[in-house]
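Visitor: Dropping a structure here in structure tokens format, bear with me for questions.
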Amino acid sequence: MNGLSTTLIVVGLFLLGGVYSFAKQKLPRGVIGLLAFGAAMCLLAGVMRLEVWA
């Protein structure tokens, strides 16, 4: 696991926490959806950069 994949996974988890927080505050679904999409992309990029796939 290198630094960039770790950073992407941590940022993705941070954004998922934001999704949870925004959902509890009942913010518009568009904002929550966009944040969830960003979190999913960060997590996916971090997981895909792991060395276990080679």
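The values are calculated or read from the model by the stated rules, or taken from the named source; none is laboratory data. Given the structure is predicted, the values throughout are model-derived calculations rather than measurements. Cβ placement follows ideal geometry from the backbone for every residue including glycine, while neighbour counts extend to all protein chains displayed. These accessible areas exclude ligands, DNA and RNA; they are computed on the full protein's heavy atoms, side chains included. Shrake-Rupley method; radii C 1.70, N 1.55, O 1.52, S 1.80 Å.
Visitor: Tell me the per residue accessible area of the chain using a 1.4 Å probe; a whole number in Å² is fine.
Guide: 73 Å²
Visitor: Here's a follow-up. Please give, to one decimal in nm, the separation of the simple spin-label points placed at PHE37 and THR6, each 7 Å out from Cα toward the Cβ.
Guide: 3.1 nm
Visitor: Follow-up. Helix 3-24 sits at what angle to the longest principal axis of the chain, using alpha carbons and giving 0 to 90 degrees rounded to 10?
Guide: 20 degrees
Visitor: Related question: From Cα pairs below 8 angstrom and at least 6 apart in sequence, can you work out the relative contact order of the chain, rounded to a whole percent?
Guide: 57 percent
Visitor: Same structure again: Ignoring ligands, DNA and RNA, what percent of the accessible area of the chain is carbon or sulfur (1.4 Å)?
Guide: 75 percent
Visitor: Using Cα atoms only, what is the angle between the long axis of helix 29-48 and the major principal axis of the chain, expressed in degrees (0 to 90) to the nearest 10?
Guide: For helix 29-48, the angle is close to 10 degrees.
Visitor: Based on DSSP H runs of at least 4 residues, each adding -39500 (n - 2.57), what is the mean residue ellipticity at 222 nm of the chain after dividing by all its residues, to the nearest 500 deg cm²/dmol?
Guide: Estimated from H runs of four or more residues: -27000 deg cm²/dmol.
Visitor: Need one number: nm distance between label points at VAL52 and SER21, each 7 Å from Cα along Cα→Cβ, rounded to one decimal.
Guide: Computed distance between label sites VAL52 and SER21 equals 2.9 nm.
Visitor: What are the semi-axes of the equivalent ellipsoid for the chain, taken as the square roots of 5 times the Cα gyration tensor eigenvalues, largest first, in whole Å?
Guide: Semi-axes from the Cα gyration tensor: 26, 10, 6 Å.
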